1. Given the conditions (1) open to solvent by less than 30 Å² (accessible area, probe 1.4 Å); (2) outside any loop (DSSP other than H, G, I, E, B); (3) of a type in the set (A, V, I, L, M), which single one is not true for A:A348?
2. Can you tell me which condition A:L305 does not meet? The list is (1) without any contact (Cβ under 8 Å) to a residue 40 or more places away in the chain; (2) in contact with a helix residue (DSSP H, G or I) (Cβ under 7 Å, 6 or more places away or on another chain); (3) not in a helix (DSSP H, G or I), and all the others hold.
3. So if I check each of A:A260, A:A250, A:A264, which one is touching a Phe, Trp or Tyr at 6+ places or on another chain (Cβ under 6 Å), open to solvent by 30 Å² or more (accessible area, probe 1.4 Å) and farther than 26 Å from A:K320 by Cα?
4. Mind checking which pairs have a first residue in the stretch A:213-227 that is within 12 Å of A:N186 (Cα to Cα) and a second that is of a type in the set (K, R), Cβ under 9 Å, 6 or more apart or different chains?
5. Residue by residue through the stretch B:8-33, note down the ones that are away from the ligand (no atom under 15 Å from the Cβ) and surrounded by 19 or more Cβ atoms within 10 Å (Cβ to Cβ).
6. Go through the stretch A:101-118 and count every residue that is surrounded by 15 or more Cβ atoms within 10 Å (Cβ to Cβ) and more than 13 Å from A:Y25 (Cβ to Cβ).
7. Can you tell me which residue in the stretch B:81-107 is least open to solvent (accessible area, probe 1.4 Å), limited to those that are of a type in the set (D, E, K, R) and away from chain A (no Cβ under 11 Å)?
8. Report whether or not A:P142 is under 19 Å from the mean Cα position of the chain (by Cα) and surrounded by fewer than 22 Cβ atoms within 10 Å (Cβ to Cβ).
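The values are calculated or read from the model by the stated rules, or taken from the named source; none is laboratory data. On a predicted model such as this, the values are computed, not experimentally measured, just so you know. When we count neighbours, we look across all protein chains shown, and the Cβ atoms used for this are built from the backbone with ideal geometry, even at glycine. When the accessible area is computed, the model is the full protein with side chains, heavy atoms only, and any ligands, DNA or RNA have been set aside. Shrake-Rupley method; radii C 1.70, N 1.55, O 1.52, S 1.80 Å.
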Amino acid sequence: MDANIVPSKAMPVQEMDVYTDTRDYLAPARRDAREMGFADWFICDIDAHHLETVHWHEVIEHIEDPVVRHQAMMYQKERFGAPPYGLNGDLGLRYQDVGGRIPHQSGQREKVEETDVHRDVTLTRRAMQALCVDKMVVFPTPMLFLGMHPQADMEVLLTRAYNKWLTERVLPGDEGMASLVLLPFNSPEEACRTVEEFADKPGVIGFTVTSTRYKPVHANEYMRLYSMIEETGKPIAFHAGYHWQDPSLATCNSFLGMHALGFAWCNIVHMTNWVLNGIPERFPKLKSVWIESGLSWIPFVMQRLDDQYLMRMSEAPLLKQMPSDYMRQNCWYTCQPMEKSSEVGLKATFEMINAKTQLLYASDWPHFDFDAPRVIAEIPWIDEESKRNILGMNAANCFGLEPKLRWK
Amino acid sequence: MRTVRICREDELEDQGKTVVEIDGLQIGVFRLGDDFYAYKNLCPHQGGPVCQGRIYQKVVEKLDPDMKSRGRDFDADGVHIVCPWHGLEFDIRTGKFAGASDVDIMSLEGYATQVQDGDVYAIVE
Ligand code: FES
């Protein structure tokens, strides 16, 4: 035995669970951020999440219809163990945490003592600090299913209630937080009203279509909406999701298969319709952002559409360039989850999408497949300018943000 | 080379673990039966705190002689530490990524362990 024995100290957090403080959970990311000097980089996270249903009793107070609001409040008050009033979704089919293996996905029940701001502000700040993120866009979680709501009116009521709650009660708590407010896309006139009312609210930097839905994005009824959004100069985003109601996806018997395909499939369909129907030609200044589908679907769609377009140009007469050109010039993409198993594949993807200008960092924190900023910073085959662009400056350009350094 | 004292042997129960720190180096030490295994608390996937995850038994799929699936089960012989960041599972006995068993994907950085006079030690560079 070595005579030179050194003592060790037990770590204060022996095992991460749903009560672990976000700062402890993400301590390694904080260490990486220090080592990599991220405080000097503008880092913008275009896709993080909060769990709006934890505060559903607050959200429903903002339902405009007095009768529905009253029903919702009575329901939340008196029904024991019931899911959030009016919200569709997958109820118990939520397997993201892999049976407790990934606790932060199950819930964030950590202690929050701060009372000056909303709890979600504190949780978001903790993640921003750990990841060294200067600007963080927060999305809801179960509400990503809203496009599948059987009652179009309820989609409108809940979307508006959430947007109001978020912009009035949460976002004012921290200017580093931002939102791409939800559009009740199944009701185009209401979606236009959302743009009118929310475009200028502080913290609103764009608009979201939750992608799991069956309305074609090229339908004539949406042209006024696109024109209005183009006019604001703010992007429209398509935030991906999955759902078990799609018969072909429902053949997947694991969440692994469902998640891998579902989050790409909805955006594959919308992108195909978006480009082939010439939306980028009709609205050349309209920026579209494609969120949380990863990246590997993009080269597939680019190549597939280009190949077929050559043979059938009469079916897409508005196009003046190849489909992939629009996808490279008019569209932006968030990186997460960045599929990294093939360097060759990832390199080709970066080149094909022109990552230097079109790729946006997104963490997806606190979800099971979140990416810390190091996934971009440690890529050895892109230059520093590209890294800085992807981590923040592309977002600053796309969303018109001031690249303020928060953690310097 | 340093010999780091981790804990008393009887402080760790079977399939238990402890995570310690020494000069900024974090080490997870695991007990399986009478054997002890030590790994750096740094996940090769994305740098997560792998040793601060939960311990799970390996999951297997049961196939009948006709190759029909008869569902999944736990296999008590395979014990995994699961990184809490994204759920990658590592075999505590080998430190290797526990899936895709025919190929080497990635491994934890391991340290030798010793037990002397009821104390558990890890030998670190
Ligand atoms: S960092 Fe450990 S699973 Fe990703």
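1. (1)
2. (3)
3. A:A250
4. Within 9 Å, the pairs are A:E221/A:K215; A:Y222/A:K215.
5. B:K17, B:T18, B:V20, B:I27, B:V29, B:F30, B:R31
6. So the count comes out to 4.
7. It comes out as B:D91.
8. The answer is yes for A:P142.
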